[in-house]
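A.B. asks: Before we start, here is the structure in question, set down as structure tokens.
The values are calculated or read from the model by the stated rules, or taken from the named source; none is laboratory data. Computed from a predicted structure; not experimentally measured. Cβ coordinates were reconstructed from backbone atoms using ideal geometry, including for glycine residues, and neighbour counts include every protein chain displayed.
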Amino acid sequence: MNKIKLVLALLVVISFTALKTKDEDFVKRSFDAAAPLYTSLLNLTGDNFKNYPHSILPNGDVKYYQIDEWTGGFWPGSLWYMYEYTKDEKWKLAAQKWTNSLESNQFNDKHHDIGFMMYCSYGNALRFDNNPKYQQILVQSAKTLTKRYSPIVGSIQSWNQRKSKGDINTWEYPVIMDNMMNLELLFYASKVTKDDTYKNIAIKHAEQTMKNHLRADYSSYHVINYDPKTGKVLHKQTLQGFSDGSTWARGQAWGIYGFTTSYRETKDKRFLNTAVKMADFFLDHSNLPSDGIPYWDFNAAGIP
């Protein structure tokens, strides 16, 4: 019996070792593939801190966004990850320069994306360079984000007033699922300042999102439009999804990450339960391809 137990134990160890090796190989292949691409992007951008790589156009050209667009922080954030994996100083130098180029965004109150922009850049920078200035910039960024919070609505306004998709109606106080990604900045600010104002706003926002953005099956709406005077829900719609009643895949992923973060920071099991059930919807969906990477919308017409 003892021999059987020993064999079983060895099999378990071997299995985990093989799994770890497989994961490590995947990570190595990914960074090996990314390195020349990011090197090319560095060569293309040079020191032009007005153009931030966003995506690749169908003709192969790089599409750039300006400093105040939502993906600006992803570029330096990615450079920090390159440095973390390779320990090559060229990536650290580039990451520092591009992170510092975003400094003025700490006062950008035009939309909710300051969390994306500043925590992906300065938040990662702090992991490798304990520069007090970085912390100050992040706290100011959190202050700026709170300007978009309404205690009446209980949520952070994502965009300013605008027309809905197809000009069907006007969004007075639109809140989108993407906003869950910005809460991490607020939790951070409370930790370093010992001021729970930021954390309380993040918790209230997560609670309202849990209440109004989710359907019974834990799929999600993209946009909830509120009445800013009463906090009443006026519309449940989409901008980037296939239809108002469909589930935009990226938005579902935003929610999974955001509620997981909210649980990590609060230990409130409501947030964990929500994250798990949203993930279950994602992973168990009949339209999820075998590689685990969803099409742009789980309910879009014409997907295989």
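A.B. asks: Which of the residues spanning the stretch 27-55 are small (G, A, S), surrounded by fewer than 11 Cβ atoms within 10 Å (Cβ to Cβ) and farther than 17 Å from E69 by Cα?
C.D. replies: Passing the criteria: A33, G46.
A.B. asks: Just checking, does the stretch 133-142 include any residue being among the charged types (D, E, K, R) and in contact (Cβ under 8 Å) with a residue 12 or more places away in the chain?
C.D. replies: Scanning the stretch 133-142, I find no residue that is among the charged types (D, E, K, R) and in contact (Cβ under 8 Å) with a residue 12 or more places away in the chain, so the answer is no.
A.B. asks: For the stretch 84-106, which positions are among the hydroxyl-bearing types (S, T, Y) and surrounded by fewer than 21 Cβ atoms within 10 Å (Cβ to Cβ)?
C.D. replies: Y85, T86, S101, S104, listed by residue number.
A.B. asks: Among the residues of the stretch 154-202, count how many are out of contact with any Ser or Thr (no Cβ under 6 Å at 6 or more places or on another chain) and aromatic (F, W, Y).
C.D. replies: So the answer is 4.
A.B. asks: Shifting gears a bit: Would a scan of the stretch 282-300 turn up a residue that is closer than 22 Å to L183 by Cα and either crowded, with 16+ Cβ neighbours inside 10 Å or in contact with a helix residue (DSSP H, G or I) (Cβ under 8 Å, 6 or more places away or on another chain) (or both)? Talk me through it step by step, then tell me what you get.
C.D. replies: Residues of the stretch 282-300 closer than 22 Å to L183 by Cα: 282.
Subsequent filtering for residues that are either crowded, with 16+ Cβ neighbours inside 10 Å or in contact with a helix residue (DSSP H, G or I) (Cβ under 8 Å, 6 or more places away or on another chain) (or both) retains 282.
Checking the stretch 282-300: at least one residue is closer than 22 Å to L183 by Cα and either crowded, with 16+ Cβ neighbours inside 10 Å or in contact with a helix residue (DSSP H, G or I) (Cβ under 8 Å, 6 or more places away or on another chain) (or both).
Condition check ((1) in a helix (DSSP H, G or I); (2) β-branched (V, I, T); (3) at pLDDT below 95) across all residues:
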residue	(1), (2), (3)
K229	no, no, no
G241	no, no, no
G245	no, no, no
R250	yes, no, no
F271	yes, no, no
A279	yes, no, no
A301	no, no, yes
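A.B. asks: Related question: Taking into account only those residues within the stretch 189-222 that are of a type in the set (A, V, I, L, M) and within 28 Å of Q140 (Cβ to Cβ), which is surrounded by the fewest Cβ atoms within 10 Å (Cβ to Cβ)?
C.D. replies: V192
A.B. asks: Answer yes or no as to whether L79 is under 25 Å from S141 (Cβ atoms) and either free of Cβ contacts under 8 Å to residues at least 24 places away in the same chain or over 17 Å from the mean Cα position of the chain (by Cα) (or both).
C.D. replies: Numbers: under 25 Å from S141 (Cβ atoms): yes; either free of Cβ contacts under 8 Å to residues at least 24 places away in the same chain or over 17 Å from the mean Cα position of the chain (by Cα) (or both): no.
Judged against the criteria, L79 is not a match.
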